[in-house]
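Here the structure comes first, spelled out in structure tokens, and everything after it is commentary.
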Amino acid sequence: MGRWLLLEDLKGLDDAALLLLRLVVGSFLAWGVWDNITSAEHMATFVAFLTKFGFPAPHMMAPLSVGVQFACGAAFVMGLLTRWAGLLCAVNFLVAIVMVDHTLGVRGSFASACLVVIGLYLAAHGPGRFALDPLLSRRLG
């Protein structure tokens with residue numbers, strides 16, 4: 001009765017659930033900045049946005065943030081250097097909360113807060129079995 005009540009049999013799906021989490025979040029992160037990568041106009045709009053919110057060196061910070069977000073997304077999808085990507089994702093979206101989203105209240109900060117937590121979870125837990133990190137780990141010894 002206890003196994004059923006606690007759904008303990010679902011534990012066998014943890015690697016598949018991690019894969020799904022990584023694919024969904026990673027794809028969203030990459031998709032979210034693709035317009036900035038492919039359009040100078042969109043990047044200029046992002047630079048103006050960062051300027052409005054008082055970011056230092058917005059002309060450098062905009063492409064850095066876009067690059068970090070895209071790299072984290074790609075890393076999550078592949079399960080490659082996942083712990084590093086998780087830390088970078090958490091820092092990137094913590095900065096977003098501190099500099100911008102806090103002005104939007106709890107609801108407005110929720111998406112960024114979720115990405116901080118997901119980043120920290122992946123940094124602490126790793127990508128699971130269905131990833132490139134385990135292959136890299138075996139290769140590096």
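Computed quantities for the displayed model
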{"item": "Residue, nearest to Asp15 (Cα to Cα), within the stretch 29-77, restricted to residues that are in contact with a helix residue (DSSP H, G or I) (Cβ under 8 Å, 6 or more places away or on another chain) and polar (S, T, N, Q)", "result": "Gln69"}
{"item": "Val24, sole failed condition from (1) under 12 Å from the mean Cα position of the chain (by Cα); (2) surrounded by 15 or more Cβ atoms within 10 Å (Cβ to Cβ)", "result": "(2)"}
{"item": "Residue within the stretch 38-51 that is modelled with pLDDT of 95 or more, within 20 Å of Gly119 (Cβ to Cβ) and of a type in the set (A, V, I, L, M, F, W, C) present", "result": "no"}
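The values are calculated or read from the model by the stated rules, or taken from the named source; none is laboratory data. Since the model is a prediction, treat every value here as computed from it, not as a measurement. Don't worry about glycine lacking a Cβ; one is built from the backbone with ideal geometry, like all the others, and counts go over all protein chains shown.
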